[in-house]
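The values are calculated or read from the model by the stated rules, or taken from the named source; none is laboratory data. Every value quoted in this text rests on a predicted model; they were computed, and no experiment measured them. As a convention, Cβ positions derive from the backbone with ideal geometry for all residues, glycine included, and neighbour counts pool all protein chains shown. With ligands, DNA and RNA removed, areas are computed over all heavy atoms of the protein, side chains included. Shrake-Rupley method; radii C 1.70, N 1.55, O 1.52, S 1.80 Å.
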Amino acid sequence: MDDSVSTDLRLAEPLETAATPLPGIQLAGALHDEQYPALVRFLLLQGASWAEAQDAAQDAFTQMCAPGVTITYPRAWLRTVAWRSWVSQQVKLEETCADLPEPQLGLRWQTPAHAAELGEEERQVISLLQHLPAKQRAAMAWHLDGFTTEESARAMGTTQAAVRQNLARARAALKQGLRLEGRFIDERRKT
């Protein structure tokens with residue numbers, strides 16, 4: 001019997017070359033600088049605040065360093081664990097603070113650096129993403145991080161058809177929100 005804890009998510013990720021499980025602590029050291037900002041961004045697109053995203057991302061890396069943890073697909077593992085950590089933060093908050101007002105959507109995750117870097121169109125896109133239903137927002141976040149619909153479906157616990165449908169609806173909502181629906185047709189007619 002093996003004493004190590006296997007944390008394989010069984011995702012087929014073409015973006016990762018490791019096909020054999022590696023010790024989590026070894027992966028954490030190698031991936032932290034590259035994946036931490038991407039992981040925070042992934043959570044921000046899911047609707048987390050800046051502080052919540054940082055806490056959940058750090059929690060994922062902490063869990064990765066636990067003794068006996070081996071991971072086959074670290075990018076997917078990190079996103080799944082960070083997302084679960086963020087969701088559990090929300091559940092604990094709701095249980096302990098039932099009288100809290102509804103969170104206000106918007107660019108609540110901005111830091112001064114982000115405020116300076118984001119253009120007006122990027123702010124509008126992010127605001128529209130935050131107003132999407134949770135499943136559409138999740139499908140778009142996995143897609144924007146470079147995962148296929150098959151990988152996204154496995155990570156989200158749904159079907160590929162559901163992911164494709166949520167992506168299509170999210171894209172349609174973004175096009176409508178950005179007023180791009182007829183713009184491409186009008187531009188094609190002009191040429």
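Among the helices (runs of 4 or more DSSP H) confined wholly to region 85-149, which include 1 or more residues that are of a type in the set (Phe, Trp, Tyr), touching a helix residue (DSSP H, G or I) at 6+ places or on another chain (Cβ under 8 Å) and at pLDDT 85 or above? First the steps, then the outcome.
On the way: elements: 112-117, 120-130, 134-144.
Of the helices (runs of 4 or more DSSP H) lying wholly inside region 85-149, those with at least 1 residues that are of a type in the set (Phe, Trp, Tyr), touching a helix residue (DSSP H, G or I) at 6+ places or on another chain (Cβ under 8 Å) and at pLDDT 85 or above span 134-144.
Which residue pairs have Cβ atoms closer than 6 Å, lie 6 or more positions apart in sequence or on different chains, and pair a first residue in region 122-149 that is open to solvent by 60 Å² or more (accessible area, probe 1.4 Å) with a second residue that is part of a helix (DSSP H, G or I)?
LYS135/ASN166; HIS143/LEU167
Mind checking which pairs have a first residue in region 36-55 that is outside any helix (DSSP H, G or I) and a second that is at pLDDT 85 or above, Cβ under 7 Å, 6 or more apart or different chains?
Close Cβ pairs satisfying both conditions: GLY47/ARG137; ALA48/ALA56; ALA48/TRP86.
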